[in-house]
Amino acid sequence: MATPPLPRDRLERVWAWGGAQSAMSWVYRPSTLDGVHEALALARAHDLTVGLRGAGRSYGDASLNDEQVCLDLSRMRRILDWDPVGGVVTVEPGVTIGQLWQYVIEDGWWPYVVPGTMFVTIGGAAAMNIHGKNNWKVGPIGDHIREFDLLLPTGEVRRCNRSENSELFHAAIGGFGMLGVFLRLTLELKKVHSGLLAVEAMAFDDLHGVFGCWEERMDAADYLVGWIDAFPGGAHRGRGLVHQANYLAPGDDPNVRETLRVEAQELPATLAGVVPKSIMWRFMQPFMNDVGMRVVNAAKFHSSRFQNHQTYRQSHAGFAFLLDYVPDWKRSYGRGGLIQYQSFVPVEHAEAVFRAQLHLARRRGLTPYLGVFKRHRPDPFLMTHAVDGYSLALDFKVTASRRRPLWALAAELDRIVVDAGGRFYFAKDSTLGRQSLERYLAEERVARFLALKRECDPEGLLETNLYRRLFARHPGAPRRAPSVR
Ligand SMILES: Cc1cc2nc3c(=O)[nH]c(=O)nc-3n(C[C@H](O)[C@H](O)[C@H](O)COP(=O)(O)OP(=O)(O)OC[C@H]3O[C@@H](n4cnc5c(N)ncnc54)[C@H](O)[C@@H]3O)c2cc1C
């Protein structure tokens, strides 16, 4: 008997977070394990592949699966176990970073690693092995995951930790949802003695100054993050602001009970006490062009100079989730959306590479509107994006006419990065080609990863647009069984 078609009301347009790509998919949002099994079985019965999705906060096509099934795990969001003495938590994959910190902070804990937005899920964060503004100090989130249960497409659930299924542990973290579905993850958290951080802001006239700041402060800082103004050339190329933050020691905060409350962390609902933040992106929209952003960035840089080396106290959430201050800010980029280009370059070449990138982008008339600068360290995960070096993340506006030159620019930037021994990050990527991938990721890493994929997912059931773009035609990729086209 023929399998009945998948219901039309499951068909949805699913967007990449940056809004520059989308896909039509049959979307399933189970709240239980049975629901996950059902979605996998349905896909198999219809000869479709399954792309896993958390909160859809990856900038590009990492959680898109065009004309196939999208398995959205954001409704599996229960906190399963919490030890407020040891700071160890077990969660379902759809629990967000926001939900997590709000649950634990009053007991004096904070996640070791958080990204620039609190809306990502723990499953999505583990699948990309996210890093924070403290990556050189504490590593990526995977370094703080004790264990997880992974549902393989074969139906088997494997418990993975550093001693049991250790190879799979180190490959599924950072494995961009290609080896199995995280069902349950256990994380260790960081003890904090205040709801506040001690923050210092610094301004630098050029990229060299920004680099110097890291070299000088890395040992003493808990967090360091740089904002780069990509517009000026010449002597001011790569000028920027750096924020350092440090935890407070026990006893430093006289109001610790109060500052550890969720209410003390929340980002304000209005800007300057008047403008509702929900409409702020509309005010930003007229400035989202080359002239507007040149002026906005210059104003930001020069006004910050007045606060150079001033220190103040700021909540953990206020410091960590700066990008959440203006909800929906990406909409200010307009209908074409944005892409982010983030490259990771070893220390010895980083300054020259980032200088060359900023120069080339300007020369091509495609200056990025935002640049974010961080320090990293190597980690033991198979598909790691980290290096002993720095990353620069550049946000580019996409329009119909800019799309082609932007992708061409990205290919030029890739060559500079790869020649310097650099890497890329699938959570941010939209543009990488197979050739660049093959040059930057050692062939034995790719081969090992695809061997694990053949073992965990012999039919090749798990796929996304990103996977097809970069890996599917690799000779080591699982051959789809006849029942899975
Ligand atoms: C404003 C903003 C700021 C950001 N800042 C940072 C930053 O500072 N550092 C950083 O590292 N990243 C950052 N990111 C990127 C973001 O942290 C990652 O893309 C993260 O993976 C998004 O999580 P998600 O829940 O939205 O997952 P999605 O984007 O939906 O999916 C990400 C990947 O996880 C897989 N996946 C999802 N759920 C599961 C599951 N249960 N089991 C297995 N695989 C699964 C998907 O297939 C996909 O490959 C930022 C993103 C935004 C939008």
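With respect to residue 412, determine if the residue is modelled with pLDDT of 95 or more and either among the hydroxyl-bearing types (Ser, Thr, Tyr) or away from the ligand (no atom under 15 Å from the Cβ) (or both). Please lay out each step first, then the result.
Values: modelled with pLDDT of 95 or more: yes; either among the hydroxyl-bearing types (Ser, Thr, Tyr) or away from the ligand (no atom under 15 Å from the Cβ) (or both): yes.
Considered against the rule, which asks whether it is modelled with pLDDT of 95 or more and either among the hydroxyl-bearing types (Ser, Thr, Tyr) or away from the ligand (no atom under 15 Å from the Cβ) (or both), residue 412 comes out as yes.
Hey, any hits in segment 154-161 for a residue that's among the β-branched types (Val, Ile, Thr) and either over 19 Å from residue 128 (Cβ atoms) or in a loop (DSSP other than H, G, I, E, B) (or both)? Show your work before the answer.
To start, the set of residues in segment 154-161 that are among the β-branched types (Val, Ile, Thr) comprises 154, 157.
Keeping just the survivors that are either over 19 Å from residue 128 (Cβ atoms) or in a loop (DSSP other than H, G, I, E, B) (or both) gives 154, 157.
Yes.
Only one of these is touching a residue at least 24 places away in the same chain (Cβ under 8 Å), within 20 Å of residue 383 (Cα to Cα), open to solvent by 30 Å² or more (accessible area, probe 1.4 Å) and in a loop (DSSP other than H, G, I, E, B): 475, 458. Name it.
Details: 475 fails: touching a residue at least 24 places away in the same chain (Cβ under 8 Å).
Residue meeting the stated conditions: 458.
Report, by residue number, each residue of segment 211-264 that is open to solvent by less than 50 Å² (accessible area, probe 1.4 Å), in a helix (DSSP H, G or I) and not small (Gly, Ala, Ser).
211, 213, 214, 217, 256, 259, 262
Going through 47, 66, 81 one at a time, which residue ends up being in a loop (DSSP other than H, G, I, E, B), open to solvent by 30 Å² or more (accessible area, probe 1.4 Å), more than 27 Å from residue 428 (Cβ to Cβ) and more than 9 Å from the ligand (Cβ to nearest atom)?
None of the others qualify; the one that does is 47.
Under 8 Å between Cβ atoms, at least 6 apart or on separate chains: pull out the pairs that start in segment 106-117 with a residue that is more than 8 Å from the ligand (Cβ to nearest atom) and end on any residue that is among the basic types (Lys, Arg).
From segment 106-117, the pairs are 106/261; 108/191; 109/190; 109/191; 110/190; 111/190; 112/190.
Quick check on segment 170-181. Is at least one of its residues part of a strand (DSSP E or B) and open to solvent by less than 20 Å² (accessible area, probe 1.4 Å)? Show your work before the answer.
Of the residues in segment 170-181, the ones part of a strand (DSSP E or B) are 181.
In the following step, the residues that additionally are open to solvent by less than 20 Å² (accessible area, probe 1.4 Å) were identified as 181.
For segment 170-181, residues part of a strand (DSSP E or B) and open to solvent by less than 20 Å² (accessible area, probe 1.4 Å): present.
Pairs only if they're at least six apart or on different chains, beta carbon under 6 angstrom, first in segment 317-338 and open to solvent by less than 10 Å² (accessible area, probe 1.4 Å), second among the aromatic types (Phe, Trp, Tyr) and not in a loop (DSSP other than H, G, I, E, B); list them, first residue then second.
332/281
How many of the residues in segment 313-348 are in a helix (DSSP H, G or I) and under 24 Å from residue 245 (Cα atoms)?
Filtering segment 313-348 down to residues in a helix (DSSP H, G or I) leaves 316-320, 322-324, 329-333, 347-348.
Still in the list and also under 24 Å from residue 245 (Cα atoms): 316-320, 322-324, 347.
Residues meeting the conditions: 9.
Of all the helices (runs of 4 or more DSSP H) wholly in segment 97-152, which have at least 3 residues that are aliphatic (A, V, I, L, M)? Walk me through it before giving the result.
Working: elements: 97-104, 122-128, 135-138.
Result: 97-104, 122-128.
Can you pull out the residues in segment 14-35 that are within 24 Å of the chain's Cα centre (by Cα), closer than 18 Å to residue 49 by Cβ and not in a loop (DSSP other than H, G, I, E, B)?
14, 22, 23, 24, 25, 27, 28
Among the residues of segment 375-387, are any touching a residue at least 12 places away in the same chain (Cβ under 8 Å), among the aromatic types (Phe, Trp, Tyr) and touching a Ser or Thr at 6+ places or on another chain (Cβ under 7 Å)?
As a first pass, look at segment 375-387 and keep what is touching a residue at least 12 places away in the same chain (Cβ under 8 Å): 375-377, 379-387.
Restricting the remaining residues to those that are among the aromatic types (Phe, Trp, Tyr) gives 381.
Okay, now just the ones that are also touching a Ser or Thr at 6+ places or on another chain (Cβ under 7 Å), so none.
No - not one qualifying residue is present in segment 375-387.
In the set 362, 313, 377, which member is modelled with pLDDT of 95 or more, closer than 30 Å to residue 447 by Cα and out of contact with any Pro (no Cβ under 7 Å at 6 or more places or on another chain)?
Being modelled with pLDDT of 95 or more, closer than 30 Å to residue 447 by Cα and out of contact with any Pro (no Cβ under 7 Å at 6 or more places or on another chain) holds for just one of 362, 313, 377, which is 377.
Among all residue pairs at least 6 apart or on different chains, which show Cβ distances below 8 Å where the first residue, located in segment 155-174, is under 15 Å from residue 187 (Cβ atoms) and the second is part of a strand (DSSP E or B) and away from the ligand (no atom under 15 Å from the Cβ)?
Close Cβ pairs satisfying both conditions: 161/146; 169/161.
Condition (residue is open to solvent by 50 Å² or more (accessible area, probe 1.4 Å) and within 16 Å of the ligand (Cβ to nearest atom)) applied to segment 423-435: is it met by at least one residue?
no
Checking residue 103 against (1) more than 9 Å from the ligand (Cβ to nearest atom); (2) open to solvent by less than 40 Å² (accessible area, probe 1.4 Å), only one condition comes out false. Which one?
(2)
Here is a check on your reading of the model: is residue 366 part of a loop (DSSP other than H, G, I, E, B) and in contact (Cβ under 8 Å) with a residue 40 or more places away in the chain?
Details: part of a loop (DSSP other than H, G, I, E, B): yes; in contact (Cβ under 8 Å) with a residue 40 or more places away in the chain: yes.
Yes; evaluated as a whole, the condition is true for this residue.
Can you tell me which of 86, 35, 98 is small (Gly, Ala, Ser) and either buried (at least 24 other Cβ atoms within 10 Å of the Cβ) or touching a Lys or Arg at 6+ places or on another chain (Cβ under 9 Å) (or both)? Before you say what the answer is, go through the steps one by one.
Numbers: 86 fails: either buried (at least 24 other Cβ atoms within 10 Å of the Cβ) or touching a Lys or Arg at 6+ places or on another chain (Cβ under 9 Å) (or both); 98 fails: either buried (at least 24 other Cβ atoms within 10 Å of the Cβ) or touching a Lys or Arg at 6+ places or on another chain (Cβ under 9 Å) (or both).
Exactly one of 86, 35, 98 is small (Gly, Ala, Ser) and either buried (at least 24 other Cβ atoms within 10 Å of the Cβ) or touching a Lys or Arg at 6+ places or on another chain (Cβ under 9 Å) (or both), namely 35.
The values are calculated or read from the model by the stated rules, or taken from the named source; none is laboratory data. The structure displayed is predicted, hence computed values, not measured ones. Counting neighbours? That spans all protein chains shown, and the Cβs are built from the backbone with ideal geometry, glycine included. All accessible areas refer to the heavy atoms of the entire protein, side chains included, with ligands and DNA or RNA removed. Shrake-Rupley method; radii C 1.70, N 1.55, O 1.52, S 1.80 Å.
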